[in-house]
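Report on one structure; see the data block that follows.
The values are calculated or read from the model by the stated rules, or taken from the named source; none is laboratory data. As the structure is a computational prediction, the values presented were derived from the model and not from experiment. Glycine gets a Cβ as well: all are built from the backbone with ideal geometry, and neighbour counts include every protein chain shown. What goes into the accessible areas is simple: the full protein's heavy atoms, side chains included, and nothing from ligands, DNA or RNA. Shrake-Rupley method; radii C 1.70, N 1.55, O 1.52, S 1.80 Å.
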Amino acid sequence: LSLAAIEVQSMRVDCKVASRFAHTVMTTKALNTANASQEVFFEVDLPKTAFITNFSMLIEGRIYVSEVKEKEQARQQYESAVSSGLTAGLVKASGRNMETFSVSVNIAPQSRITFTLTYEELLQRRLGSYEIMIGVRPKQLVQNFEIVVDIYEPNGIAFVDVNGTFITNELLPLVKKTVTDKKAHVYFSPTLDQQKTCSDCEETLVDGDLFIRYDVNHPQDIGEIQIINGYFVHFFAPDDLPQMPKNVVFVIDRSGSMEGEKMKQTREALMTILSELHEDDYFGLVTFDDTIEPWRPFLSKATPENVTEAKEFVKTIEARHMTDINKGLLFAVDMLTTEKSHSFPDMSMIILLTDGRPSSGQRDLSKIQENVQNAINGSMSLFCLGFGYDVDYSLLDTLAKQNDGLARRVYEASDAALQLQGFYDEVATPLLLEVNLNYPGNAVIDLTQSHFRQFFKGSEIVVAGRLQELETNTFQTEVSANGFDCSVSLVEYIFGDFIERLWAYLTIQQLLDKREKCSPEDKENIRAQALDLSLRYNFVTPLTSMVVTKPETEDEDETLIAPPLSSHYSLYQPSSLPIDGDPHFIIELPDQNDALCFNIDHKPGTIFNLVRDPPTGIVVNGQIIGDKKVIPGNKMHTYFGRFGIVNEKFGIRLMVSTKEILVSERGKQAKFSWTNNKTLEGLKNSVKFLIILHKIWKMHQYHQDYLGFYTLDSHLFSSNVHGLLGQFYHGVNFEVSDLFPGKDPDKQDANMFVKGNELTVTRGWKRDFRQDVKNGEEVPCWFIHNNGTGLLDGVHTDYIVSGLFKTI
């Protein structure tokens, strides 16, 4: 945050990691101490691999949240807001290297503002550890500053190391770390004085990145599998296997732009890398500018004598002319292909280092990609290192992805040689080739990538997917690779709520990668899939943007939010959301002494998802029943006759029908009858639901018993909660026009503006049976026609699920 008059009162970073999936919330509170309005800039550095999932601002007690939208839609909304004289901000990812999130807001004098940013990422294992990186740059001393990190790993934690670019000898003792078998806790909260660069200074020491590195205990056979809420994740990292010999050709750019420090650092890194080659490896060196000059035109075994000779050659590499990447790569592929025989290992790779873009020979990027892919033809991996700022990084990224490798940037800095060596270390020790993770039978759908060309020591293979049956907690797993076979059908069932988001994260990342490799026809389909998941799980990815609306100050004492497109919305917070009678949904808004209601008409037997909240593990579905028979000349009345309630955190499932209540807790079953009690309340220490049984006279010709469902404390759900009811738990924005005569002479209509739609709604009454179970009390409400169309996200049929405990 910047500006002298803006006082940062508190900064808190809260990072929770469960099975490598990190969920980080950054909260900053600030005060404008000036007597005039000030613009506040909020900036956060976050890992490139993270996806932002939420951003909100609290200004003088009013909360304003952001929305994730398709990029073009977000841009149009932003432009329309700006052109209508409103100030608005737009946050978006820049390509694959999303690094800084920033937003600026104008706030009134003496006003307080709270910024909250949430992002998520799957931590990747590199060189034997996972790394959590937290960027903290408050630019001033902060009264309350804290970083809290909690790690939970079901297979046990091997070690945890904490360091930071700003952690001095004085700050080191303030980093509190506790590690038990499966949990680790890191806490860092320096006081105002401890943050100072010296006792009389006003500058802060806290300026940089905090790194937490850890590893887990990795089972050496099949890996680690977890199942939660119908999704599973499989981690595979058998580091104890013997290493495989490899063929590696280093392709080094010696064009003019490499002159000076870059060339010197490249030579230095190569000297170290050559020393680290395993004696069973075969290697080659190819240098290129606009001509090719190999050390030898064939591969050599990494004997001490050969390595010494190669180092002498490295000392002579000088920067010269243009850049012919195409020719350099094809020469290396040729070297590896001609030597492929039984005496050479199968594990072949090329490591390309360049600082530029093609300037000689073939310069058409798509042609270079085509040539290289055709020459390699799946028989080796290509790793690309882009040195410095002039490099065509997207070319390198695509080349690597098309050929089973990966690309990395090497930054121009004093440690560039170490960066190069670090990258080589990641791929130095291949342990397995052609790895397949298989899940026989039809137990698994929507699988992420499950075939990998190679597995390197210190890394990890991760596969996630969905299970056909929500109830499944064991399934067959097979892992095979060259020289390695293992299969098992035992799986531990671990409770939690993050695996579905982990699956979505991994699927999006892989779809974005896949776009680089596929035909133009498939590109649009892949883009659509990635966009759908990004929107569904609220991830800011290269396909989506986040629209953030900035408050603008009109007069000295009033701060007013102006959402793009409209400025007359207010947020109405519901107290309870009942469903009772002929699927009557009522959204009560006590602050306005008002309510919204709608009916759902569908054929008996249909099951609707009412509430789904992955972070709390709660799912509620309801099944519709009809009248025994239809009164002649009337339409069929429908009611809720059964509810399925899942609380994964407690391992509990409830099936509530008009006849009985079945409870299953971690596999144990119990049955209850309604007997004298006509209401059923929910679980302790959790969200409470109230279910009311309406008894109808047994001999009634048409009607039968039905259930009413009430949510008592909807505020306990997470911001991700959804479903026919769940989507309203955190309020709904709407505005209603003056009343006018409607079609029904006894009722009046009005125009309602809600969720970007204009609807004709009718003033009516619904019954709430909570206080008076027998007769109910009349609740006035705005009735939304056509099964809630326009008020609901999507249409009511989107919420149909296939079973009482299913989410799809």
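Scan [x] 92, 83, 64; [y] 102, 56, 51; [z] 97, 68, 52 for the value of Cα extents along the principal axes in Å calculated from this model and give just the label.
Computing Cα extents along the principal axes in Å and matching it to [x] 92, 83, 64; [y] 102, 56, 51; [z] 97, 68, 52 gives [z].
Would you list the membrane-span-like helices of the chain, meaning whole DSSP H runs whose alpha-carbon atoms span at least 15 Å along their axis and whose mean Kyte-Doolittle value is at least -0.5?
The answer, listed by residue number, is 325-338, 365-376, 416-427.
What ranking do 222-228, 377-383 get when scored by the average of other Cβ atoms within 10 Å per residue, highest first?
The most tightly packed comes first, giving 222-228, 377-383.
Given the -39500 (n - 2.57) contribution per DSSP H run of 4+ residues, what per-residue ellipticity at 222 nm results for the chain, rounded to the nearest 500 deg cm²/dmol?
-5000 deg cm²/dmol
Considering only the other residues whose Cβ falls under 13 Å of the Cβ of Lys311, what net charge follows from Lys and Arg at +1 and Asp and Glu at -1?
Computed value for this residue: -3.
If you average the sequence gap of Cα pairs under 8 Å that are 6 or more apart and divide by the length of region 111-217, what percent do you get for the contact order?
So the answer I get is 41 percent.
Give the aspartates and glutamates reachable from Lys367 as a straight Cα distance under 18 Å; neighbours fewer than 8 places away on the same chain don't count.
Asp290, Asp324, Asp334, Asp392, Asp397, Glu516
Enumerate the amide H contacts of Phe145 below 5 Å, restricted to partners 5 or more residues apart or on another chain; note that Pro and chain-start residues carry no placed amide H.
Amide H neighbours of Phe145, under 5 Å, 5+ apart: Met11.
Taking a probe of 1.4 Å, how large is the accessible area per residue of the chain, in Å²?
Using a 1.4 Å probe on heavy atoms only, each residue of the chain averages 43 Å².
Strictly over 21 Å apart at the Cα level, which of Lys315/Lys457; Lys603/Lys628; Lys183/Lys457 would you flag in this model?
Lys315/Lys457; Lys183/Lys457
Subtract the Cα-Cα distance of Thr316 and Gln110 from 0.36 nm times their separation in residues, and report this length gain in nm to one decimal.
Extra length available between Thr316 and Gln110 comes to 67.6 nm.
What number, in percent, do you get for the relative contact order of region 585-799 if the mean sequence gap of Cα pairs under 8 Å and at least 6 apart is divided by its residue count?
18
Can you pull the one-decimal nm distance between simple spin-label points at Ser189 and Gln476, each 7 Å off the Cα toward Cβ?
Going by the 7 Å Cα→Cβ label model, 5.3 nm.
With every protein chain left in place and a probe of 1.4 Å, what is the accessible surface of His185, to the nearest 10 Å²?
Approximately 60 Å² for this residue.
How many nm is it between the label spots at His602 and Asn438, if each spot is 7 Å from the Cα in line with the beta carbon?
3.9
Please list, in chain and number order, the residues 5+ apart from Leu690 or on another chain whose amide H is under 5 Å from its amide H, with Hs placed from the backbone.
Residues meeting the amide H criterion: Tyr710, Thr711, Leu712.
Could you order peptides 508-519, 533-544, 117-128 by the average number of other Cβ atoms within 10 Å of their residues, highest first?
Output ranking for 508-519, 533-544, 117-128: 533-544, 117-128, 508-519.
Which percent of the accessible heavy-atom area of the chain goes to carbon and sulfur, probe 1.4 angstrom?
The computed percentage sits at 49.
Could you run the Karplus curve 6.51 cos²θ - 1.76 cosθ + 1.60 with θ = phi - 60° over region 30-36 and give me ³J(HN,Hα) per residue in whole Hz, x for Gly and Pro?
Karplus values, whole Hz, x for Gly and Pro: 9, 10, 8, 7, 7, 8, 10.
Which shape class applies to region 246-428: rounded if a/c is under 1.5, otherwise prolate when a/b exceeds b/c and oblate if not, where a ≥ b ≥ c are the square roots of the Cα gyration tensor eigenvalues?
Judged from the Cα gyration tensor, region 246-428 comes out rounded (a/c under 1.5).
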